[in-house]
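The values are calculated or read from the model by the stated rules, or taken from the named source; none is laboratory data. Predicted, not measured: the structure shown is a model, and the values here were computed from it. Every residue, glycine as well, gets a Cβ built from its backbone with ideal geometry; the counts of neighbours run over all protein chains shown. The area values use the complete protein model at the heavy-atom level, side chains included, leaving out ligands, DNA and RNA. Shrake-Rupley method; radii C 1.70, N 1.55, O 1.52, S 1.80 Å.
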Amino acid sequence: MKIDIDKLLSLAKEAGNAILDVYNGPLQNFDITLKDDKSPLTMADRISHEIILKGLKKIKPSFPVLSEEGSNIPYEVRKNWDYYWCVDPLDGTKEFISRNGEFTVNIALIHDGHPILGVIYIPVQDTLYYGEPETGSWKISNGVPEQIKADSGASAWISVGSRSHSSPEEEAFLSAFPIVNSVSAGSSLKFCMIAEGKAHVYYRKGPTMEWDTAAGHAIATLAGAAMTTPEGNPFKYNKPSLLNGSFLCKTN
C-alpha cells in the first residue's frame, strides 16, 4: 500500500496555515472553551479538524479517521479497523493560547495497533517532519528536505520533557540513563527532537491521549528510535480507552 505523502504534507500545511490565521488574529477570536476534561478548545482546533477531515477523504486508499475533535467513536466500531488515521488537529493548545509557538498539527496512520506513518507540522516555524516505511524520517525546513536519524552513538544524553507537565517520578526514572542535560518543549516537538538526534530520551508518566503521541511515535521509530512502555513492552493504539499509559521514547 502506497500513500501519497506529498498530499498528506500539503494537508498538514493547509491546516497549519488556518491555525496561524487564528493565532495571528485578535486574541478575543481564539474563542476558548473547555472540554469535559477541562482541557482548552479553541476555534483553531475546530477549523483544523474540519480541514483535515475533509482532506483525508480525498487521499486514497480511504480509511476511517479518529481525531481529538471527533473521538466519540465506540470501541465496538473501532476495534474492527485494520487501518485508520489518528489525528490531533492542534497539539499543544495550551502553548497556542500562551503564544509560545510550540504547537503542531499531527497526522498518523495506524495499522493493527501500530503507527506506520506520521506527519507533524509546526506552523510558526513552517517546518514539517514526517516518517514513512519506504524512505524513513525526514525534516523539511525552508523547503529543503533532510533525512533525519536518531543519535544512536551518544554516550552523553539529553532528555526532553514537557513544558506544561512534569513530575518527580519522571526525574527518578530518568536517573538510570546517562543524562547530562535536560530541555523542555511543547506538544509533539519532543518526538521530533528524538528523531533528529537533538535529544536522546523522552519519558512521560502520563496521562496523554493516543492522538498526542501517534505521529511522533511513527517519526521517531522510523528514524531509528524506540517507543515502548517503561517496562519495554510494545506501545499499542486503538485500545478500548484512548488514554495512554506511561511511555518511553529513546535512542537505541
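Out of all the residues in the stretch 196-249, which are of a type in the set (D, E, K, R) and over 24 Å from Tyr121 (Cβ atoms)? Explain how you work it out, then say what you get.
Taking the stretch 196-249 first, the residues of a type in the set (D, E, K, R) are 196, 198, 204-205, 210, 212, 231, 236, 239.
The answer is Lys205, Glu231, Lys236, Lys239.
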If you take the residues of the stretch 156-199 that are modelled with pLDDT of 90 or more, among the hydroxyl-bearing types (Ser, Thr, Tyr) and out of contact with any Gly (no Cβ under 7 Å at 6 or more places or on another chain), which of them is nearest to Glu102 (Cα to Cα)?
Ser159
Phe96 passes all but one of the listed conditions (1) open to solvent by 10 Å² or more (accessible area, probe 1.4 Å); (2) modelled with pLDDT under 95; the exception is number (1)
Exactly one condition in (1) surrounded by 17 or more Cβ atoms within 10 Å (Cβ to Cβ); (2) aromatic (Phe, Trp, Tyr); (3) closer than 16 Å to Tyr202 by Cβ is not met by Phe177; state its number.
(1)
For the stretch 193-208, does any single residue satisfy the condition of being crowded, with 19+ Cβ neighbours inside 10 Å, in a helix (DSSP H, G or I) and β-branched (Val, Ile, Thr)?
yes
Can you tell me which residue is surrounded by the most Cβ atoms within 10 Å (Cβ to Cβ) among those in the stretch 116-163 that are free of Cβ contacts under 8 Å to residues at least 40 places away in the same chain and assigned to a strand (DSSP E or B)?
Trp138
Can you pull out every residue in the stretch 44-93 that is among the aromatic types (Phe, Trp, Tyr) and either on the phi > 0 side of the Ramachandran plot or under 20 Å from the mean Cα position of the chain (by Cα) (or both)?
Phe63, Tyr83, Tyr84, Trp85
Do the conditions hold for Arg78, that is, is it among the charged types (D, E, K, R) and within 16 Å of Lys239 (Cα to Cα)?
yes
Please state which of the following conditions Glu76 fails to meet, knowing it meets all the rest: (1) surrounded by 15 or more Cβ atoms within 10 Å (Cβ to Cβ); (2) of a type outside the set (S, T, N, Q); (3) without any contact (Cβ under 8 Å) to a residue 60 or more places away in the chain.
(1)
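Does the stretch 166-186 include one or more residues that are closer than 27 Å to Tyr84 by Cα and under 13 Å from the mean Cα position of the chain (by Cα)? It would help to see each step written out before you state the result.
First pass over the stretch 166-186, keeping only residues closer than 27 Å to Tyr84 by Cα: 186.
Still in the running and under 13 Å from the mean Cα position of the chain (by Cα): 186.
Yes, there is a match, as at least one residue in the stretch 166-186 is closer than 27 Å to Tyr84 by Cα and under 13 Å from the mean Cα position of the chain (by Cα).
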